[in-house]
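Enquirer: Just passing along the structure, written as structure tokens.
The values are calculated or read from the model by the stated rules, or taken from the named source; none is laboratory data. Remember, predicted model here, so these are calculated numbers, not experimental data. Backbone-built Cβ (ideal geometry, glycine too); neighbour counts: all protein chains shown.
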Amino acid sequence: MKDLIEEFLKYLNNERNYSQNTIKGYRTDLLDLYEYIYKRSEVDLNIKEITKEKIRPYLRDMVLKKLSKKTYNRRIASFKSFFNYLFRNNIIEKDVGSTINSIRTEQRLPEFVSTVQMKNIMESFDEGDFFSARESLIFEFFYGTGIRLSELYDMTVYTINHTKGTISVFGKGSKQRILPVSDHIKRKYRIYLSFRKDILSENENETDYLFISQNGKHLSKRQIQRIVRDKLKRLATVNKTSPHILRHTFATHMLDQGADIMTVKELLGHESLSTTQVYTHVSLERLKAVYKKAHPKGE
């Protein structure tokens, strides 16, 4: 079974272009299942001998350990994907994963920054030095395009096409998408680039990565997270302060202003429309709140 797990992980890496973090999660989940089954049987079972009955004690054990629903469902998703892969490749005769059910969870509405607070944040940068210019551009990209942290981290000086007014980013599964950029971004990009040039010159360094530290090195994901966190803690009333909340904010504000949901889906790089639809629920909840507050019969 271990060899088949490694074959499956290679398939995810080479053919499906899954991220290393995702593959690492699959490996952890599948090896945990393997160890559990092996300890109970004390022999390395043939994969064809593994049935739902063999897996059921493991599922029950997860419940007894009081794992979160999110963790439980993530493991179930790993198992389903693995056994489906084996079934499609005629390694097993029955797709065992199809008989395993995930736990129904309540859908949480994504948190976002209000329009007023977002305006205050964007106006808080003076852009008079390297640090302010860099932070201003980081926030402009996150809020102005809805990109992910990993996508911003991978940006190079060649990411922006000034002629077409677009940027090219590579999302999950290394899928490329082209996004429009505003005049604000292009202006802030030029300001930051002049400071960036000086930093690289002072440190006698060269790099194509767009965002750099004061030492002229590629700005780490953790540093980007810290920049966003510190600003949100000071100027926004939100519980979460990660860069991802700016992606939520981008989507919510777009839909609030009348953007088509399919357009927002494409901008975010979602594969499924259902992933994007959660933002329509956010907008609907806001409409209900305004209605209750403003209409005489709202209550």
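Enquirer: Quick check: is even one residue across the stretch 128-145 surrounded by 13 or more Cβ atoms within 10 Å (Cβ to Cβ), among the β-branched types (Val, Ile, Thr) and either under 30 Å from residue 28 (Cβ atoms) or at pLDDT below 95 (or both)?
Expert: Yes, that holds for at least one residue.
Enquirer: For the stretch 56-66, how many residues are among the hydrophobic types (A, V, I, L, M, F, W, C), surrounded by 10 or more Cβ atoms within 10 Å (Cβ to Cβ) and free of Cβ contacts under 8 Å to residues at least 40 places away in the same chain?
Expert: Within the stretch 56-66, residues that are among the hydrophobic types (A, V, I, L, M, F, W, C), surrounded by 10 or more Cβ atoms within 10 Å (Cβ to Cβ) and free of Cβ contacts under 8 Å to residues at least 40 places away in the same chain number 2.
Enquirer: Can you tell me which residue in the stretch 154-184 is modelled with the lowest pLDDT, limited to those that are more than 24 Å from residue 133 (Cβ to Cβ) and hydrophobic (A, V, I, L, M, F, W, C)?
Expert: Here the residue is 170.
Enquirer: Of the conditions (1) assigned by TED's automatic domain parsing to the domain that holds residue 68; (2) outside any loop (DSSP other than H, G, I, E, B), residue 94 fails just one. Which one is it?
Expert: The failed condition is (2).
Enquirer: Looking for something touching a Lys or Arg at 6+ places or on another chain (Cβ under 8 Å) and surrounded by 14 or more Cβ atoms within 10 Å (Cβ to Cβ) - is there at least one such residue anywhere in the stretch 41-52?
Expert: Yes, there is a match, as at least one residue in the stretch 41-52 is touching a Lys or Arg at 6+ places or on another chain (Cβ under 8 Å) and surrounded by 14 or more Cβ atoms within 10 Å (Cβ to Cβ).
Enquirer: Looking at residue 150, is it of a type outside the set (A, V, I, L, M), part of a loop (DSSP other than H, G, I, E, B) and surrounded by fewer than 21 Cβ atoms within 10 Å (Cβ to Cβ)?
Expert: Answer is no for this residue.
Enquirer: Name the residue that is surrounded by the fewest Cβ atoms within 10 Å (Cβ to Cβ), counting only residues in the stretch 95-127 that are closer than 30 Å to residue 8 by Cβ and touching a residue at least 40 places away in the same chain (Cβ under 8 Å).
Expert: 107
Enquirer: Further question on the same structure: Name the one entry in 89, 46 that is modelled with pLDDT of 85 or more, over 28 Å from residue 149 (Cα atoms), over 29 Å from the mean Cα position of the chain (by Cα) and not assigned by TED's automatic domain parsing to the domain that holds residue 148.
Expert: Of 89, 46, the one residue that is modelled with pLDDT of 85 or more, over 28 Å from residue 149 (Cα atoms), over 29 Å from the mean Cα position of the chain (by Cα) and not assigned by TED's automatic domain parsing to the domain that holds residue 148 is 89.
Enquirer: Looking at this structure, is residue 34 in a helix (DSSP H, G or I) and at pLDDT below 90?
Expert: yes
Enquirer: Residue check: is residue 69 at pLDDT 80 or above and surrounded by fewer than 16 Cβ atoms within 10 Å (Cβ to Cβ)?
Expert: Yes.
Enquirer: Which helices (runs of 4 or more DSSP H) does the stretch 187-284 wholly contain that include 3 or more residues that are more than 27 Å from residue 176 (Cα to Cα) and more than 16 Å from the chain's Cα centre (by Cα)?
Expert: 221-235
Enquirer: Does residue 142 satisfy the criteria of being under 20 Å from residue 229 (Cβ atoms) and not in a helix (DSSP H, G or I)?
Expert: Here the answer is no, as residue 142 does not meet what is asked.
Enquirer: I would also like to ask the following. Which of the following residues is in contact with an Asp or Glu (Cβ under 8 Å, 6 or more places away or on another chain), buried (at least 17 other Cβ atoms within 10 Å of the Cβ) and part of a helix (DSSP H, G or I): 87, 8, 79?
Expert: Testing whether each residue is in contact with an Asp or Glu (Cβ under 8 Å, 6 or more places away or on another chain), buried (at least 17 other Cβ atoms within 10 Å of the Cβ) and part of a helix (DSSP H, G or I) leaves just 79.
Enquirer: Oh, and also: Being exposed (fewer than 13 other Cβ atoms within 10 Å of the Cβ) and either more than 14 Å from residue 133 (Cβ to Cβ) or free of Cβ contacts under 8 Å to residues at least 60 places away in the same chain (or both) narrows it down to one of 222, 187, 229, so name that one.
Expert: Step by step, each of 222, 187, 229 is checked, and only 222 is exposed (fewer than 13 other Cβ atoms within 10 Å of the Cβ) and either more than 14 Å from residue 133 (Cβ to Cβ) or free of Cβ contacts under 8 Å to residues at least 60 places away in the same chain (or both).
Enquirer: Turning to a different aspect of this structure: Of the conditions (1) assigned to a helix (DSSP H, G or I); (2) closer than 30 Å to residue 149 by Cα; (3) of a type outside the set (Lys, Arg), residue 67 clears all except one; give me its number.
Expert: (1)
Enquirer: Which condition from (1) of a type in the set (Lys, Arg); (2) modelled with pLDDT of 85 or more; (3) in contact with a Lys or Arg (Cβ under 9 Å, 6 or more places away or on another chain) is the one that residue 74 breaks?
Expert: With (1) of a type in the set (Lys, Arg); (2) modelled with pLDDT of 85 or more; (3) in contact with a Lys or Arg (Cβ under 9 Å, 6 or more places away or on another chain) applied to residue 74, the lone miss is (3).
Enquirer: Using beta carbons and a limit of 6 Å, which pairs, at least six apart or on different chains, have the first residue in the stretch 167-178 and over 11 Å from residue 19 (Cβ atoms) and the second one among the hydrophobic types (A, V, I, L, M, F, W, C)?
Expert: 167/160; 167/179; 167/181; 168/178; 169/147; 176/170
Enquirer: For the list (1) over 20 Å from residue 35 (Cβ atoms); (2) out of contact with any Leu (no Cβ under 8 Å at 6 or more places or on another chain), I need the number of the one condition that residue 67 fails.
Expert: Residue 67 satisfies every listed condition except (1).
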